[in-house]
Amino acid sequence: MSTGPAVQHDPPAIIACTISRDVQIFDLLIEDMESALGDSWGDLSFDDAISFLGQPEARSLQFVTIAMDAEDEDRLQTISDIIAAAKDHKVKVILIAEDVSPTVLHQLLREGGDEFVPYPLPENELARAIERVLTAEEPKAPTEGDAKFKATGDRSGVVIPIHGLAGGIGATMLAVNLAWELANIDKDSDVKVCLIDLDFQFGTASTYLDLPRRESVLEMLTDTENMDSEVFMQALLTYGEKLHVLTSPTDMIPLDMITPQDIERVVEMARVNFDYVIVDMPSTMVEWSQTVLELSHVYFALIELDMRSAQNTLRLKRALQSEDLPFEKLRFILNRAPGFTDLNGKSRVKRLSESLGISIEILLPDGGKPVAQSADHGAPMSETIGKNPLRKEILKLAQSVHDVNQSDAAEAKT
């Protein structure tokens, strides 16, 4: 009795690949890929990835996961080339990173990485990242100004500078996220918010929102005498079609290259066209710092529970009071404040307040590593870690600011 030919089953199409120095280092990635895709994925080394992406066999690829750790940072150019090749072939890129510096990670995300997942992989996070990259719409390029919003010059916005009194204290984080929360605070009315980055040397508001820097910013700042509302709006970029951002210039410039008169014109132009103007200040005090202070409605000074903040607060307090400047406009915010159950920490906060002769009105909790990861991802916390306790406190602060503004506006009408 003869038998028919054996049935041949075609192997499943490869829709994804891992790319790494050695995938065996990332054993959790192997498990999660098998769980999500079964046999529909393959593995490539860094050296083989670019050539494979150009072959016909790669046409079925939908995404790749590039896994790297600190040892791979010296191969940054190779990894960047792989990302570029993947984007050229319309292949999504998920970055899996362990102990990689934020600078490197941000650069790779700017060059085309679609998602970032830390390693060791949180439970089900890779599956969620895969779902996001496969269902995401192509992002719109940032636009100059906003076609839906025309400058009217009929508003009287609230000017809120944010000043970190020590390096790395989180001032830009607060400025960006407060601006975004205010832009989304009232679903029933059209609240317009402008974020201005006045740190001309090391400003990173654009980095936090993944926005480019352009030459037109410096051109406008150095010729404010001829600046009108149209020139100002063209210098702005929009994020999420709601937040307008004046980024710091492309190149590092001296802080005193811009005069107090220039700063006054820029802030005033923003104030009459927006409901809220959030100003990210440099930590250094310059001649035009007084200009911003005098134009502000409330001036948020961000500190931490450490000796740097205490000493710098005293210096700032003496400087302002010696020049008879409005120190009373300052509202002190403590970042990375001790938790509710940390009685010793709360006692230290009280002693700090009493020794400096200031009132610490707002306590922001430590949001942990997810806050830095959200910044590296180029998105506000509400879009990436909405349930983080730090994000919730910033939302409360935005609601408080908006409520006070609405109440003052109502009283002014009566």
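Every read-out reported here was derived from the displayed coordinates using simple, explicitly stated rules and does not represent laboratory data. Predicted model, so just to flag it, every value in this text is computed and none were measured. Every residue, glycine as well, gets a Cβ built from its backbone with ideal geometry; the counts of neighbours run over all protein chains shown.
Once the Cβ-Cβ distance between Asn226 and Arg59 is put in as r, and R0 is 45 Å, what FRET efficiency do you end up with, to the nearest 0.05?
Numbers: r = 54 Å, r/R0 = 1.19.
FRET efficiency, Asn226 to Arg59: 0.25.
In a Gaussian network model over the chain where Cα atoms closer than 10 Å are linked, find which of Asp210, Asp262, Asp403 has the largest mean-square fluctuation.
Among Asp210, Asp262, Asp403, the largest mean-square fluctuation in the Gaussian network model of the chain belongs to Asp403.
Report, to the nearest 10°, how far helix 76-88 tilts away from the longest principal axis of the Cα atoms in the chain, using its own Cα long axis and a range of 0 to 90°.
Helix 76-88 and the main axis of the chain meet at about 70 degrees.
Determine which lysines satisfy two conditions relative to Lys350: a Cα distance under 19 Å, and not lying fewer than 8 residues away in the same chain.
Counting by Cα, and skipping residues close in sequence, Lys350 has these lysines nearby: Lys317.
Given the Cα-Cα distance of Asp190 and Gln311 and 0.36 nm per residue of separation, how much length would full extension add, in nm?
On the way: separation 121, 0.36 × 121 = 43.56 nm, distance 4.15 nm.
Using 0.36 nm per residue and subtracting the Cα-Cα distance, I get 39.4 nm.
If you average 1/r over all unlike Cα pairs in the chain and invert the result, what Kirkwood radius do you get in angstrom? List each step's numbers first, then the result.
Working: mean 1/r = 0.0420 Å⁻¹.
One over the average 1/r among Cα pairs gives 23.8 Å for the chain.
Taking +1 at the Cβ of each Lys and Arg and -1 at the Cβ of each Asp and Glu, which of Leu397, Leu44, Ile30 sits farthest along the dipole of the chain towards its positive end, judged by Cα position relative to the Cα centre?
Leu397
At Glu294 and Glu73, where each label point lies 7 Å from the Cα along Cα→Cβ, what is the point-to-point distance in nanometres?
Inter-label distance under the simple model: 4.5 nm.
State the answer as a single residue: which of Trp288, Ala301, Thr18 lies farthest towards the positive end of the charge dipole of the chain, with beta carbon charges of +1 for Lys and Arg and -1 for Asp and Glu, about the Cα centre.
Farthest along the dipole direction, towards plus: Ala301.
Can you give me the distance in nm between label points at Gln201 and Asp324, each placed 7 Å from the Cα along the Cα-to-Cβ direction?
3.1 nm
In the chain, what percentage of the DSSP-assigned beta bridges are antiparallel, given to the nearest 5? Don't skip to the end; give the middle numbers.
Details: 4 of 50 bridges.
The antiparallel proportion sits near 10 percent.
Please go through the stretch 170-224 and write out the chymotrypsin sites (Phe, Trp or Tyr not before Pro) that DSSP classes as loop and that have at most 16 other C-beta atoms within 10 Å.
Numbers: sites: Trp180, Phe200, Phe202, Tyr208; in loops: Phe200, Phe202.
The qualifying sites are Phe202.
Considering only Cα-Cα distances, which of the following residue pairs are longer than 20 Å: Lys187/Lys242; Lys92/Lys242; Lys192/Lys387; Lys87/Lys387? Walk me through the numbers before you get to the answer.
Working: Lys187/Lys242 12 Å; Lys92/Lys242 27 Å; Lys192/Lys387 25 Å; Lys87/Lys387 32 Å.
Correct reply: Lys92/Lys242; Lys192/Lys387; Lys87/Lys387.
Averaging over all projection directions, find the projected area of the Cα convex hull of the stretch 16-135 and quote it in nm² with one decimal place.
In nm², the orientation-averaged hull projection of the stretch 16-135 is 6.5.
Quick one: dipole size for the stretch 269-358, taken about the Cα centre, charges +1 on Lys/Arg Cβ and -1 on Asp/Glu Cβ, in debye to the nearest 20. Could the numbers behind the result be given before it?
Values: 12 positive and 11 negative charges, 86 e Å.
That gives a dipole near 420 debye.
Round to the nearest 10 and give me the degree value, 0 to 90, for the angle of helix 343-356's Cα axis relative to the longest principal axis of the chain.
Its long axis makes an angle of about 40 degrees.
Can you tell me, using C-alpha contacts under 8 Å and at least 6 residues apart, the relative contact order of the chain as a whole percent? Intermediate values should be presented prior to the final figure.
Working: 676 pairs, mean separation 64.1, N = 414.
About 15 percent, as a whole number.
Given +1 on the Cβ of Lys and Arg, -1 on the Cβ of Asp and Glu, and no further charges, what dipole in debye does the chain carry about its Cα centre, rounded to the nearest 20?
On the way: 37 positive and 69 negative charges, 298 e Å.
In debye, rounded to 20, the chain gives about 1440.
Pick out, from Val277, Pro102, Val371, the residue whose Cα sits farthest towards the positive end of the charge dipole of the chain, with +1 on the Cβ of Lys and Arg and -1 on the Cβ of Asp and Glu.
Val277
Between Asp47 and Glu219, what length in nm is gained on full extension when 0.36 nm per residue of separation is reduced by their alpha carbon distance?
Contour length minus Cα-Cα distance gives 57.5 nm.
Just grab the label-to-label distance for Arg110 and Ile25, each label 7 Å out from Cα along the Cβ direction, in nm (one decimal).
Result for the modelled spin labels: 2.4 nm.
Helix-only estimate, please: 222 nm mean residue ellipticity of the chain, summing -39500 (n - 2.57) across DSSP H runs of length 4 or more and dividing by its residues, to the nearest 500.
-12000 deg cm²/dmol
Between Asp223, Asp324, Asp43, which gets the highest mean-square fluctuation from a Gaussian network model of the chain, Cα cutoff 10 Å?
Maximum among the listed residues: Asp324.
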